[in-house]
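**Student:** I have a structure here, written as structure tokens, and I will follow up with some questions on it.
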Amino acid sequence: MNTITLDITNIFSEQIGREGLDGAALAEAFPNLETYNNDLRHSPYPFMKLPETRFQFHEMKSLAEKIKAQGIKNLVLLGIGGSSLGTETIFNALLHPFHNYGREFRGEAPRYFILDNIDPHKINSIIEVIEPEIEKTFLVVISKSGETPETISQFMIFKELLKKSGGNFQERIILITGKEKGILNKIAEKEGYQTLNLPDGVGGRFSVLTPVGMFPAILMGIAVDEIMDGAQAMSSHIQNKAGMENMAFVLSATLYNMDKSGKPIHVIMPYCERLSGFADWFKQLEGESIGKGGFGPTPTKSVGVTDQHSQLQLYVDGPKDKCIMLFYAAQDKRPIPDSFPYLDDVSYLAGKDLKDLFHAEFQGTCLSLTEANTANFTLFLEDINAYTLGVLFCLFEMVTVFLGTLYKVNAFDQPGVEQGKIYTKAIMGKKEFESEGAKIEAILSSPKKIIAFT
Ligand code: PA5
């Protein structure tokens, strides 16, 4: 049930002519990756140790028990970027798509609300929904730096709501943040909130296997140990396989070579709605880790079959600047009844299954891409479950690390994101950020080219 297969046939020139890579292209990257992988065996990055160490699993599980014993109806998660995308991926893949609609879909688990934006309309709407049950609402505030204005401002709003609801509201707030430093730690110390941590050296977008992703998952009753088992198994595959047998080597060498051969757009296209969140997660991981110094691929997302009727025309017939990363996961069954027996035109659907139509659509996409010489490859997943999700997390984190070494960039910083945070704080009048004022003023007061309609 857990086999994952990678088919890269359609990236080579045998299939797609001069748009494809020659057979030796990938192998050229391997010596570099082998050496790097060897070094990592001796000094792994902190995030690589997580599947084995299962950081704070004991604390998380006992805290979750206490919370459940108090009766939790709503879980509100505050966080953005690496602090929310992992949880969204897990929930999207493993919970019922209509989880919040009723007990029949979510069992004993609470409803959840992931606030990965500060759009006031969304915030106001969520408050409207949860306010009647505010005394049974738990807040999990997630910020590695503990300083992100979006998350802190949300916290300020939701803390007051919880406080108004009375009781020992502090017990309904949990903060997940880096150890010691940062505003969230100061607040926790002063106001007495329970905290969980990210281990030292684990950055936001590499933190899904820390309490950032694991604690919300535990609260939802998700089998986090299975996620970790999957990640551990993939980690051992990556450590022990060489060359073309190492899936992370092949994927990173493919994505790198695609960019270098004029295909900088990486379209992540799952044929499986449950991997839509995963596509967003990897989009951030690849984009924020590798897009540096004027270089880097542009990851983008499409979902099969929906986007066949939106983007496929472009992928097939537009510029050959894209590589399509397809994911295919076997689907549930849903027979198509023979509803219109008098219509010959639809008889080819009658008595078949949606699963077969879905597969035929996927095959149709592969064939038309390949026929049009658009590079594409597919990762086939036998099943989507906690274990395979763990496998994917580990695989694509390592793909990103290997891409970092191929591009020769530091995959772990994000100077562009940090600059945006600095400007926001300066515009909002934060002390010590006054020096940015003149620069911002110059930009904002420069002549504008505006077209208005009234
Ligand atoms: O991956 C990253 O480092 C970023 O996307 C951060 O997760 C994001 O900016 C939020 O930062 P923080 O977790 O410090 O609030």
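**Student:** Tally up the residues in region 239-255 that are surrounded by fewer than 22 Cβ atoms within 10 Å (Cβ to Cβ) and either out of contact with any strand residue (DSSP E or B) (no Cβ under 8 Å at 6 or more places or on another chain) or of a type in the set (S, T, Y) (or both), please.
**Tutor:** 7
**Student:** Please determine, by comparing only the residues of region 83-111 that are open to solvent by less than 10 Å² (accessible area, probe 1.4 Å) and of a type in the set (S, T, N, Q), which one is nearest to Y387 (Cα to Cα).
**Tutor:** If we take residues in region 83-111 being open to solvent by less than 10 Å² (accessible area, probe 1.4 Å) and of a type in the set (S, T, N, Q), then T89 is nearest to Y387 (Cα to Cα).
**Student:** Here is a further query. Among the numbered criteria (1) outside the structural domain of W281 (by TED's automatic domain parsing); (2) in contact (Cβ under 8 Å) with a residue 24 or more places away in the chain; (3) of a type in the set (A, V, I, L, M), which single criterion is violated by L392?
**Tutor:** Looking at each condition in turn, L392 falls short on (1).
**Student:** Of all the residues that make up region 190-210, how many are within 12 Å of the ligand (Cβ to nearest atom) and open to solvent by less than 20 Å² (accessible area, probe 1.4 Å)?
**Tutor:** Total satisfying the criteria: 7.
**Student:** Which of the residues that make up region 143-170 are assigned to a loop (DSSP other than H, G, I, E, B) and of a type in the set (S, T, Y)? Even if it seems obvious, please write down each step before you answer.
**Tutor:** Here is the first cut: in region 143-170, the residues assigned to a loop (DSSP other than H, G, I, E, B) are 144-148, 165-168.
Residues satisfying the conditions are S145, T148, S165.
**Student:** Please indicate, with yes or no, whether at least one residue in region 232-255 is within 19 Å of I384 (Cβ to Cβ) and in a loop (DSSP other than H, G, I, E, B).
**Tutor:** Checked region 232-255: no residue is within 19 Å of I384 (Cβ to Cβ) and in a loop (DSSP other than H, G, I, E, B).
**Student:** Given the condition part of a loop (DSSP other than H, G, I, E, B), at pLDDT 95 or above, crowded, with 23+ Cβ neighbours inside 10 Å and not charged (D, E, K, R), answer yes or no: does some residue in region 370-381 qualify? Full working, then the answer.
**Tutor:** Quick first cut of region 370-381, residues part of a loop (DSSP other than H, G, I, E, B) only: 372-374.
The next check asks that each one be at pLDDT 95 or above; those that pass are 372-374.
Applying the additional criterion that residues be crowded, with 23+ Cβ neighbours inside 10 Å yields 374.
Pick out the ones that are also not charged (D, E, K, R) and you get 374.
Yes: one or more hits.
**Student:** Next question, about the same structure. Got a number for residues in region 350-363 being without any contact (Cβ under 8 Å) to a residue 24 or more places away in the chain and assigned to a helix (DSSP H, G or I)? Before you say what the answer is, go through the steps one by one.
**Tutor:** Restricting attention to region 350-363, the residues satisfying the condition of being without any contact (Cβ under 8 Å) to a residue 24 or more places away in the chain are 350-354, 356-357, 360, 363.
With the extra rule that they be assigned to a helix (DSSP H, G or I), the set shrinks to 354, 356-357, 360, 363.
Going through region 350-363 one residue at a time, the tally reaches 5.
**Student:** Being at pLDDT 95 or above and either part of a strand (DSSP E or B) or open to solvent by less than 70 Å² (accessible area, probe 1.4 Å) (or both): is that true of L389 here? Explain how you work it out, then say what you get.
**Tutor:** Details: at pLDDT 95 or above: yes; either part of a strand (DSSP E or B) or open to solvent by less than 70 Å² (accessible area, probe 1.4 Å) (or both): yes.
Yes: the conditions hold for L389.
**Student:** Which one of L139, L75 is crowded, with 16+ Cβ neighbours inside 10 Å and within 16 Å of the ligand (Cβ to nearest atom)? Outline the logic, then answer.
**Tutor:** On the way: L75 fails: within 16 Å of the ligand (Cβ to nearest atom).
Answer to the selection: L139.
**Student:** Here's something else I'd like to know. Scan region 154-185 residue by residue and report those that are touching a residue at least 12 places away in the same chain (Cβ under 8 Å) and either more than 23 Å from N74 (Cα to Cα) or not assigned by TED's automatic domain parsing to the domain that holds L75 (or both). First the steps, then the outcome.
**Tutor:** Of all residues in region 154-185, those touching a residue at least 12 places away in the same chain (Cβ under 8 Å) come to 154-155, 157-159, 161-162, 164-167, 170-179, 181-185.
G178, K179, K181, G182, I183, N185 - these are the residues of region 154-185 that are touching a residue at least 12 places away in the same chain (Cβ under 8 Å) and either more than 23 Å from N74 (Cα to Cα) or not assigned by TED's automatic domain parsing to the domain that holds L75 (or both).
**Student:** Continuing with this model, one more query. Say we look at region 416-433 and pick out the residues that are of a type outside the set (V, I, T), in contact (Cβ under 8 Å) with a residue 12 or more places away in the chain and away from the ligand (no atom under 11 Å from the Cβ); which of these is surrounded by the fewest Cβ atoms within 10 Å (Cβ to Cβ)?
**Tutor:** Within region 416-433, the first condition is being of a type outside the set (V, I, T), and the residues that meet it are 416, 418-421, 423, 425-426, 428-433.
Those left that are additionally in contact (Cβ under 8 Å) with a residue 12 or more places away in the chain: 416, 421, 423, 425-426, 428.
Now restrict to residues that are away from the ligand (no atom under 11 Å from the Cβ): 423, 425-426, 428.
Details: Y423: 14, K425: 16, A426: 17, M428: 10.
Once the filter is applied, the top-ranked residue is M428.
**Student:** Is it the case, given these coordinates, that H309 is assigned by TED's automatic domain parsing to the domain that holds G390, surrounded by fewer than 19 Cβ atoms within 10 Å (Cβ to Cβ), farther than 30 Å from H96 by Cα and not hydrophobic (A, V, I, L, M, F, W, C)? It would help to see each step written out before you state the result.
**Tutor:** Values: assigned by TED's automatic domain parsing to the domain that holds G390: yes; surrounded by fewer than 19 Cβ atoms within 10 Å (Cβ to Cβ): yes; farther than 30 Å from H96 by Cα: no; not hydrophobic (A, V, I, L, M, F, W, C): yes.
When the stated conditions are applied, H309 does not pass them.
**Student:** Quick one: which residue in I126, I80 is within 16 Å of the ligand (Cβ to nearest atom) and open to solvent by less than 80 Å² (accessible area, probe 1.4 Å)? Lay out the reasoning, then the answer.
**Tutor:** Values: I126 fails: within 16 Å of the ligand (Cβ to nearest atom).
Of I126, I80, the one residue that is within 16 Å of the ligand (Cβ to nearest atom) and open to solvent by less than 80 Å² (accessible area, probe 1.4 Å) is I80.
**Student:** So K333 clears everything in (1) in contact with a Ser or Thr (Cβ under 8 Å, 6 or more places away or on another chain); (2) outside any helix (DSSP H, G or I); (3) within 30 Å of L389 (Cα to Cα); (4) not polar (S, T, N, Q) except one condition, right? Which one?
**Tutor:** Single failed check for K333: (1).
The values are calculated or read from the model by the stated rules, or taken from the named source; none is laboratory data. Not measured: the values here are computed from a predicted model. All Cβ positions, glycine included, derive from the backbone under ideal geometry; neighbour counts span all protein chains shown. The area values use the complete protein model at the heavy-atom level, side chains included, leaving out ligands, DNA and RNA. Shrake-Rupley method; radii C 1.70, N 1.55, O 1.52, S 1.80 Å.
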